[in-house]
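The values are calculated or read from the model by the stated rules, or taken from the named source; none is laboratory data. Note that the structure is predicted; figures quoted are calculated from it, not measured. Cβ placement follows ideal geometry from the backbone for every residue including glycine, while neighbour counts extend to all protein chains displayed.
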Amino acid sequence: MSSNSAQLEAFLARLYVDPVARASFKSNPRAEAEKAGLSDEQCAALEQLDWMGLEMAARSFAKKRHRKHRSTWFAALRTCVSRLRFSRFMP
Amino acid sequence: MEEAEAAAAAVAVAVAKMMNTLTDRVGLGWRPDLAAGILDHLDGIDLLEVIADDFFSAPRQKVRALKTLAAQVPVILHGVSLGLASSAPVETKRLDQMARLMDQVRPEFWSEHLAFVRAGGIELGHLAAPPRNSSSVDAAAANLHRAQAAVGAKPLVENIATLIDPPASTLSECAWINGILSSSNCGLLFDLHNVLANGLNHGYDPLEFVRQVPPERIAAIHIAGGKFISAPDGTQRLLDDHCHDVPDPVFELLEEIAARAPGPLTVILERDGDYPSMDSLLAQIAQARRALAKGRARRVQLAEAFI
């Protein structure tokens with residue numbers, strides 16, 4: 001049961017981050033869910049998926065990842081600048 | 001017999017009155033953008049909640065700065081990337097990092113979300129709701145057991161906001177959370193804006209939800225604000241983005257909890273962007289204190305009614 005739950009989480013994770021996977025799933029939910037090795041029960045549940053929620057969650061996740069990536073990049077830049085400043089005073 | 005009951009009720013009233021003033025606290029989420037304002041206003045902030053993950057791979061001086069901060073003001077640590085409600089076992093490396101930071105900072109307590117954040121080799125970079133069923137209750141309880149063993153203390157667990165109703169769920173959100181609380185014996189970090197958002201987005205009454213959670217489990221509370229976003233079909237959903245002021249319904253839920261919870265409450269105001277002035281944040285902290293006081297007064301009245 002738990003490995004099957006892990007498969008379902010992996011399937012959902014792919015739907016959240018991959019627009020291509022989302023489009024394939026939307027065009028044929030049952031086939032895509034079966035391809036991922038999900039149980040009959042899980043396939044049936046995915047056919048009743050909250051589509052609007054999926055799209056909105058995926059968009060929100062993408063924004064978060066983008067913001068995180070940007071702040072990591074700025075943090076790295078800030079570190080480099082402060083190191084450069086500091087190195088001017090080093091022998 | 002009546003005398004004994006009256007005495008017990010009087011004690012209950014006295015305890016409730018004491019709790020009004022002695023133990024509830026209201027603090028703020030520590031963010032680098034707010035650092036200067038926070039340090040200038042520590043007299044109006046009871047405690048700070050620090051995102052633990054920001055310090056897992058931080059240079060020594062950054063951790064030292066956090067330790068200095070913790071020496072000045074009570075600090076609690078908040079994790080965002082363990083994925084404790086994942087069906088996969090929580091990663092040992094991340095637990096070790098949390099344990100090390102706990103050892104260095106010695107916070108009052110730590111907390112994490114009931115969410116999965118990675119699966120099948122994909123990092124979501126965000127908190128996702130797993131299917132709510134008995135299997136994920138067991139998986140979360142097992143992860144919480146691992147976390148306690150590695151870190152040396154149980155975390156408080158936090159309910160999350162979700163724009164999508166997780167598929168393959170057989171339990172209501174409330175039954176799922178209560179199941180995890182009882183099987184792990186953990187306390188709850190109750191995020192009230194998440195309750196409001198999920199209630200509005202998925203069609204349940206937030207106040208009813210709050211009333212169904214065992215009040216003795218509620219140890220800490222998050223308050224925040226969000227915004228309505230449009231779905232492709234034109235309907236609207238409430239996004240918990242922490243970038244807006246705390247709306248009134250959240251303060252109403254806070255009052256309700258203060259009227260029900262027997263233990264002391266730690267309330268944290270979360271703000272993650274579009275930062276307002278410190279005056280505005282302090283005003284929201286003050287409003288939280290008023291909501292707590294109103295709830296505690298209701299609790300006292302209730303105790304007095306038994307006399």
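Descriptive notes on the structure:
- Test: residue in region B:183-201 that is touching a Lys or Arg at 6+ places or on another chain (Cβ under 9 Å), within 14 Å of chain A (Cβ to nearest Cβ) and not aliphatic (A, V, I, L, M): yes
- Residue in region A:6-23 that is over 17 Å from the mean Cα position of the chain (by Cα), of a type in the set (G, A, S) and not assigned by TED's automatic domain parsing to the domain that holds A:K63 present: no
- The listed residues are B:A288, B:A231, and the only one of them that is of a type in the set (G, A, S) and surrounded by 18 or more Cβ atoms within 10 Å (Cβ to Cβ) turns out to be B:A288.
- Look at region A:43-66: where a residue is more than 7 Å from chain B (Cβ to nearest Cβ) and a partner is aromatic (F, W, Y) and assigned to a helix (DSSP H, G or I), sitting 6+ places away or on another chain with Cβ atoms under 7 Å, you get A:A58/A:Y16.
- Any hit, region B:180-188, residues being of a type outside the set (S, T, N, Q), under 15 Å from the mean Cα position of the chain (by Cα), surrounded by fewer than 20 Cβ atoms within 10 Å (Cβ to Cβ) and under 28 Å from B:K154 (Cβ atoms): yes
- Among helices (runs of 4 or more DSSP H) entirely within region B:193-307, having at least 2 residues that are within 18 Å of the chain's Cα centre (by Cα), touching a residue at least 12 places away in the same chain (Cβ under 8 Å) and under 30 Å from B:A36 (Cβ atoms) singles out B:248-260, B:278-305.
- Every residue from region A:51-60 that is of a type outside the set (A, V, I, L, M, F, W, C) and surrounded by fewer than 18 Cβ atoms within 10 Å (Cβ to Cβ): A:R59
- Residues that are assigned to a strand (DSSP E or B) and under 17 Å from B:A147 (Cβ atoms) within region B:178-192 comprise B:L188, B:L189, listed in sequence order.
- Test for B:Q284: is it away from chain A (no Cβ under 14 Å) and over 16 Å from B:R25 (Cβ atoms): no
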